[in-house]
Structures are given as C-alpha cells and as structure tokens.
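One structure is given here, and the rest of the page talks about it.
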Amino acid sequence: MKNLTKSAEKIWQNSQPLTESNLPLIKLLTRSLIAAMGLVTFASGIYMTMQANIGVAPWDCFYLGIQRTFGIQYGNISVGISAIIIIINLIMKEHIGIGTILDAMIVGKSVDLCNYLELIPQQQSVASGIAWMLAGLLINGVGQYIYMRMGLCCGPRDGLMVGLSKRMPKVPIGMVSNMLLAITLFLGWCLGGPIGIGTIVAAFCMGPAMQLVFRVLHFDAAKVQHQDLFETLRTFRRR
C-alpha cells in the first residue's frame with residue numbers, strides 16, 4: 001500500500017513541469033488526490049458493512065434512520081450532518097483542513113454510488129454477514145491509512161470528538177467517543193435505523209481493525225503533522 005501511494009505521487013509529479021512557483025500547488029493537489037482515494041476506499045468499507053445486513057455502526061445507524069424517516073439519500077445526509085459538525089468545530093476553534101472538507105463531500109456520496117451500482121448483494125446469513133462486516137472494517141482501516149497519511153486534518157466527526165474532549169478535560173477521550181456513539185445510536189434507533197449484532201461488532205472491532213492495519217503497514221498516526229486550511233492559505237500567500 002505504501003508503494004501504491006508513493007507511485008501515485010510520482011505519476012502526478014512527473015505529469016507537471018516542476019517549477020518553484022507551482023511546486024507547492026502540485027504537492028497539495030497530489031496529497032488531496034491521494035486523500036480522496038483513501039476516502040473512497042473508506043466509503044467502500046462502509047458499504048460492505050451495510051451490505052452485511054446485520055446492523056450497522058452507530059453513525060451509519062443515525063444516517064440510515066434519517067433516510068428511512070425522511071426519504072433523504074444517505075450521501076446528502078452525510079454531507080449535511082458533516083457541514084453542521086464543521087460549523088460546530090469552527091465555533092470550538094478546532095482545526096479544519098482540505099481533508100476535512102473532502103471527507104464531508106466524498107464519503108457519503110461514494111456510499112451512494114456503491115449502492116447505485118449494487119456491487120455487493122445483501123447477505124442473508126449471520127455468518128456471512130459477520131464476515132462482510134469484519135472485511136468492511138478492515139477496508140475502513142486501509143482507507144484511513146491512505147487518508148491520514150496525507151496530513152490534511154481529520155474528518156468532521158473526529159474533530160468534534162477532540163473539541164468536546166478539550167472542554168471536558170476530566171473525562172477520558174475514549175469516554176467522550178463512547179458518549180458520542182451512544183447518542184448517535186440512540187437517535188438512529190429512535191428513527192428506525194438498523195441495529196443488530198453488526199452494531200456490536202462494529203463498536204468493538206472498528207478500533208482494533210484500524211490498529212491492525214496501521215501495525216501491518218508500520219504507520220503511526222500520532223507522528224503525522226497535519227496542515228489545516230489556514231496554514232495552506234498562508235503557504236500560498238507567502239509566494
């Protein structure tokens with residue numbers, strides 16, 4: 001996977017005349033393109049967990065509950081909720097970057113595209129459903145690796161979690177995350193979102209699946225230096 005992302009960087013760089021004036025823009029476009037590829041991969045994992053047909057993760061339960069109640073497409077719900085969360089993050093003075101905006105725009109719509117293409121049939125047994133759920137969570141981890149490696153800031157929901165944890169310093173960040181998941185799951189349940197054994201699998205296996213992928217790919221997310229939107233703008237103003 002590291003070789004794939006490095007190859008994509010080289011292909012893009014070799015396709016442009018590298019001058020002092022356009023090099024920062026080319027690098028930013030390269031990182032944005034690779035981050036977008038990671039987000040599409042992440043969305044594919046979400047689609048796989050949905051097609052497992054044994055319940056979904058809390059945020060997806062919330063989105064699908066809204067879809068079932070109001071008839072709005074999953075992707076539109078994702079974009080709308082992400083936009084609201086980005087506004088909240090800005091109010092809390094949390095950093096947002098190009099990656100944050102790409103996350104809001106790409107993930108939900110990519111899930112819609114997968115649904116439209118009907119790439120995977122819904123599973124009809126619990127065993128196959130669990131297998132697809134676990135596979136989807138691993139694909140999520142691969143997508144997160146590709147996306148996070150580009151250092152363009154985290155997604156809206158991660159920013160919300162960090163912002164809330166800063167305002168509750170005595171509460172562990174893991175507890176803040178669990179509180180958010182519990183609230184979204186409750187709202188999803190109230191709206192008729194799909195809850196089942198897959199919801200439990202997702203809640204307990206999502207983090208370990210991501211950590212497994214990161215360990216296999218020798219990736220330490222804590223060492224990534226993120227560039228927020230204002231830093232990006234300052235970079236181009238100085239030129």
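Listed values, structure above:
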quantity: Complete set of residues in segment 67-100 that are buried (at least 23 other Cβ atoms within 10 Å of the Cβ) and farther than 26 Å from Gln225 by Cα; calculated: Ser78
quantity: Helices (runs of 4 or more DSSP H) contained in segment 146-239 and holding at least 1 residues at pLDDT 95 or above and on the phi < 0 side of the Ramachandran plot; calculated: 156-167, 173-190, 197-216
quantity: Those residues of segment 74-109 which are of a type in the set (S, T, N, Q) and over 20 Å from Thr41 (Cα atoms), in sequence order; calculated: Asn89
quantity: Qualifying residue in segment 121-128 (condition: at pLDDT below 95, surrounded by fewer than 22 Cβ atoms within 10 Å (Cβ to Cβ), out of contact with any helix residue (DSSP H, G or I) (no Cβ under 8 Å at 6 or more places or on another chain) and not polar (S, T, N, Q)); calculated: no
quantity: Failed item in (1) surrounded by 15 or more Cβ atoms within 10 Å (Cβ to Cβ); (2) farther than 25 Å from Ala221 by Cα, with Met133 passing the rest; calculated: (2)
quantity: Test set (1) in contact with a Leu (Cβ under 9 Å, 6 or more places away or on another chain); (2) more than 20 Å from Ile81 (Cα to Cα) - Val176 fails condition number; calculated: (2)
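The values are calculated or read from the model by the stated rules, or taken from the named source; none is laboratory data. Please read these numbers as outputs of a predicted model, since none were measured by experiment. We place every Cβ from the backbone using ideal geometry, glycine too, and count neighbours over all the protein chains shown.
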